[in-house]
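The values are calculated or read from the model by the stated rules, or taken from the named source; none is laboratory data. Remember, it's a predicted structure, so these values are computed and weren't measured experimentally. Using ideal geometry, Cβ is built from the backbone for each residue, glycine included, and neighbour counts are taken over all protein chains shown. Each accessible area value is taken on the protein alone, full model and side chains, heavy atoms only, with ligands, DNA and RNA left out. Shrake-Rupley method; radii C 1.70, N 1.55, O 1.52, S 1.80 Å.
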Amino acid sequence: MTVRALEDLDAAALAYAERAAAEHADLDYERGRFTQECLPLAHRLACRFRGRGEPLEDLEQVARLGLVKSVDRYDPERGSFTAYAVSTITGELKRHFRDAAWSVHVPRPIRELLLEARQARTQMTAELSRTPTIAEVAHRIGAAEADVAEAFVANGGYSPSSLDASPISDDSGAPTLADLLGSTDAAMDSVDDKVTVSGLLMRLPARERRMLAMRFYGNRTQVEIAAELGVSQMHVSRLLAHALAWLREAMLNDTPPVWTGRGNAPSFPDLRLSVDRADGVATVRVRGEVDRDCAPRLRLCLRHAVSTARGDALVVDLSEMPLLDAAGVATLVDCASAASVAGVPLALHGAGPTVRPILELSGLGELLRS
């Protein structure tokens, strides 16, 4: 199809209007034919805006959209089609730059101020033979200096530089802007848990708190903790497991559970003592573990049994004692000494495979009975 010159578009527009008004006219065909004749106009107007950061292909698409709107809205009675089309297409191109070309959204008043400030700065640069200051530009356009400064800062939102595009200096191996930006601290996710745990720790008994502090803050082994607290290593392991099980349950519930002294970890009943007398034998049954906390109770019970034996033999039943620490051994040694002084026959009965070696090493082997 022959491409018409710009000055011929008015005549072509009138001819298009006549054909479209004819009876039995194919409006879609006539509209497409006339639009194609006007494509050079859209191309020339799009070229006026190239070099401003937008691809020419995108500008041509916007210009053609404006051309289609011009053809659809054209009314021969309102005057020149060329003038109307140029105005419509140029408006579409400017609107594209205003609304779609900015990488970061900037309010329209700031964009308009930036356009005015740019033009003033270009003129003043030619007049002063130097780049004018922000204050001089603000005085020229009659705007506040702070507003002009904000507009120039917003200019970076049109085509911001990539954080990885170039280093911050000319030195080889210099970091990029992205290297200077902070990242999310992974430990931030655990802040809430740490605050919650610190509050729950205060609900634990003093001994458990001390063990947890020595184990996880002092990096002490269970053997070292047992030696310092005067209990067995197995007892320390069980207490730590109990405390940790309670903390886990408390962390998963809105209301912390009641501390019972027992948990999901294997545990043994609290120390229970009973004394039976039959056939001239006083039997002290020990049920539960003996450690530094409960050893005084056992010592008092055994002392009382020795003092009230009255010629009866004394048997200490250890069959239900799972563990024995240093304090418990000292208690049994004390009982053996008291029984020897009082002349009361003493026997240790039913010591398990864990307790028996401890008693043998403590010099109480001769008192053991199976």
> So which residues in the stretch 3-24 are assigned to a loop (DSSP other than H, G, I, E, B), aliphatic (A, V, I, L, M) and either at pLDDT 80 or above or surrounded by 14 or more Cβ atoms within 10 Å (Cβ to Cβ) (or both), if there are any at all?
Replying inline: 22
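Which of the residues that make up the stretch 35-53 are small (Gly, Ala, Ser) and more than 15 Å from residue 65 (Cα to Cα)?
Within the stretch 35-53, the first condition is being small (Gly, Ala, Ser), and the residues that meet it are 42, 46, 51, 53.
Hits for the stretch 35-53 are 51, 53.
Hey, among the residues in the stretch 278-291 that are over 14 Å from residue 318 (Cβ atoms), of a type in the set (A, V, I, L, M, F, W, C) and touching a residue at least 12 places away in the same chain (Cβ under 8 Å), which one's most open to solvent (accessible area, probe 1.4 Å)?
Taking the stretch 278-291 first, the residues over 14 Å from residue 318 (Cβ atoms) are 278-282, 291.
After this cut, where a residue has to be of a type in the set (A, V, I, L, M, F, W, C) as well, the list is 278, 281-282.
Add one more test, that the residue is touching a residue at least 12 places away in the same chain (Cβ under 8 Å), and what stays is 281-282.
Working: 281: 47, 282: 0 Å².
Only one residue tops the list, namely 281.
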> Can you tell me which residue in the stretch 273-297 is nearest to residue 350 (Cα to Cα), limited to those that are out of contact with any strand residue (DSSP E or B) (no Cβ under 6 Å at 6 or more places or on another chain) and basic (Lys, Arg)?
Replying inline: 277
> Which residues, taken from the stretch 180-212, are within 30 Å of residue 321 (Cβ to Cβ) and in a helix (DSSP H, G or I)?
Replying inline: 206, 207, 208, 209, 210, 211, 212
> Out of 59, 65, 27, 113, which single residue is farther than 30 Å from residue 140 by Cβ and open to solvent by less than 60 Å² (accessible area, probe 1.4 Å)?
Replying inline: 59
>> Between a residue in the stretch 333-354 that is more than 20 Å from residue 289 (Cβ to Cβ) and at pLDDT 85 or above and any residue that is open to solvent by less than 40 Å² (accessible area, probe 1.4 Å) and part of a loop (DSSP other than H, G, I, E, B), which pairs come within a Cβ distance under 6 Å, given they are 6 or more apart or on different chains?
In response: 344/309
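The rows are residues; the columns are (1) more than 24 Å from residue 231 (Cα to Cα); (2) open to solvent by less than 70 Å² (accessible area, probe 1.4 Å); (3) under 50 Å from the mean Cα position of the chain (by Cα).
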{"residue": "293", "(1), (2), (3)": "no, no, yes"}
{"residue": "323", "(1), (2), (3)": "no, yes, yes"}
{"residue": "332", "(1), (2), (3)": "no, yes, no"}
{"residue": "341", "(1), (2), (3)": "yes, no, no"}
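One residue is enough: does the stretch 254-261 have a residue meeting the conditions surrounded by fewer than 18 Cβ atoms within 10 Å (Cβ to Cβ), closer than 16 Å to residue 325 by Cα and of a type in the set (Asp, Glu)? Even if it seems obvious, please write down each step before you answer.
Filtering the stretch 254-261 for residues surrounded by fewer than 18 Cβ atoms within 10 Å (Cβ to Cβ) gives 254-261.
Right, trim to closer than 16 Å to residue 325 by Cα and you get none.
No: the stretch 254-261 contains no residue that is surrounded by fewer than 18 Cβ atoms within 10 Å (Cβ to Cβ), closer than 16 Å to residue 325 by Cα and of a type in the set (Asp, Glu).
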> Looking at the stretch 75-90, is at least one residue at negative phi, modelled with pLDDT under 80, part of a helix (DSSP H, G or I) and of a type in the set (A, V, I, L, M, F, W, C)?
Replying inline: no
> Of these, 153, 148, 137, which one is over 23 Å from residue 94 (Cα atoms) and either touching a strand residue (DSSP E or B) at 6+ places or on another chain (Cβ under 9 Å) or assigned to a helix (DSSP H, G or I) (or both)?
Replying inline: 137
> Does at least one position in the stretch 215-225 carry a residue that is over 18 Å from residue 323 (Cα atoms) and small (Gly, Ala, Ser)?
Replying inline: yes
> If we keep just the residues of the stretch 30-41 that are closer than 18 Å to residue 18 by Cα and assigned to a helix (DSSP H, G or I), which is most open to solvent (accessible area, probe 1.4 Å)?
Replying inline: 36
> (1) within 16 Å of residue 202 (Cα to Cα); (2) in contact with a helix residue (DSSP H, G or I) (Cβ under 9 Å, 6 or more places away or on another chain); (3) open to solvent by 20 Å² or more (accessible area, probe 1.4 Å); (4) in a helix (DSSP H, G or I): which one isn't true of residue 243, the others all being true?
Replying inline: (3)
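Of 248, 215, which residue is basic (Lys, Arg), outside any loop (DSSP other than H, G, I, E, B) and in contact (Cβ under 8 Å) with a residue 12 or more places away in the chain?
Working: 248 fails: in contact (Cβ under 8 Å) with a residue 12 or more places away in the chain.
The conditions single out 215.
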>> Condition first: out of contact with any Leu (no Cβ under 7 Å at 6 or more places or on another chain), over 14 Å from residue 86 (Cα atoms) and open to solvent by 70 Å² or more (accessible area, probe 1.4 Å). Now tell me which residues in the stretch 42-56 satisfy that.
In response: 51, 52
